[in-house]
Amino acid sequence: MLLNSFEKLMMNNPVRATIQRRFEARRLLAMGGPLPGGRVLEVGCGRGVGTTILLDVFGADSVDAFDFDRHMVGLAQRRHTPRPNVHLWQGDAAAIAAPDGAYDAVFDFGIIHHIPEWRVALREVHRVLRPGGRFYAEEVLDRFILHPLWRRLCDHPMEDRFDQRGFERGLEACGLRVTASWPLWGHFAFFIAEKPA
């Protein structure tokens, strides 16, 4: 699902980039650890801020990243040219264009809640993770999505939304083992899950 103009403004500004780097990334790093030398996939890369974080903060050796919005991919490509260790493309989280077991880690900086068939996306995450690989996710929960103010301002799918435990159950149902989760104000939550070796 594409972001509307309000959501794009909220996601593509220096304040959002600072929160992503100084709070979200640090929380996920504390929960799941670094990935020195790892091959990493970012689901929903936007303008490429998260991709930079995966290289600089998590220590990934290479990052593949995609976004549903072709315009956002173009912005990310401009940000990361000519980095040979970054590969970007337009794609769909419900059908990830990558082979089975390709990645040491997959990252979701608040993207899965935009996908109507979010369980399909989680199955795809499981598929592309190598055995022993980790999924790092920061997600927006149903309490935020269904709030009357945010329903007016944002274009989120309204059916089959998840709370913290519902997302954990979705991870477990696709074969991932939740190793850590952390709620924030009942509206957001952070998750680390592993694909069993």
- Since VAL73 meets every condition but one in (1) modelled with pLDDT of 95 or more; (2) under 28 Å from THR179 (Cβ atoms), which condition does it not meet? (2)
- Would you check which residues across the range 99-111 are surrounded by 18 or more Cβ atoms within 10 Å (Cβ to Cβ) and modelled with pLDDT of 95 or more and list them? TYR103, ASP104, ALA105, VAL106, PHE107, ASP108, PHE109
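Would the range 128-137 turn up any residue that is at pLDDT below 90 and either more than 22 Å from ALA25 (Cα to Cα) or within 13 Å of the chain's Cα centre (by Cα) (or both)?
No: zero hits.
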- Assess whether ARG21 counts as being assigned to a helix (DSSP H, G or I) and at pLDDT 95 or above. no
- Item | Index of the failed condition, ASP100 passing every other in (1) in a helix (DSSP H, G or I); (2) touching a Lys or Arg at 6+ places or on another chain (Cβ under 7 Å); (3) not small (Gly, Ala, Ser) | (1)
- Mind checking which residues of the range 27-69 are part of a helix (DSSP H, G or I), of a type outside the set (Gly, Ala, Ser) and in contact (Cβ under 8 Å) with a residue 40 or more places away in the chain? ARG27, LEU28, MET31, LEU54
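The values are calculated or read from the model by the stated rules, or taken from the named source; none is laboratory data. Source: prediction; values computed, not measured. With ideal geometry, Cβ positions are generated from the backbone for all residues, glycine too; neighbour counts draw on all protein chains shown.
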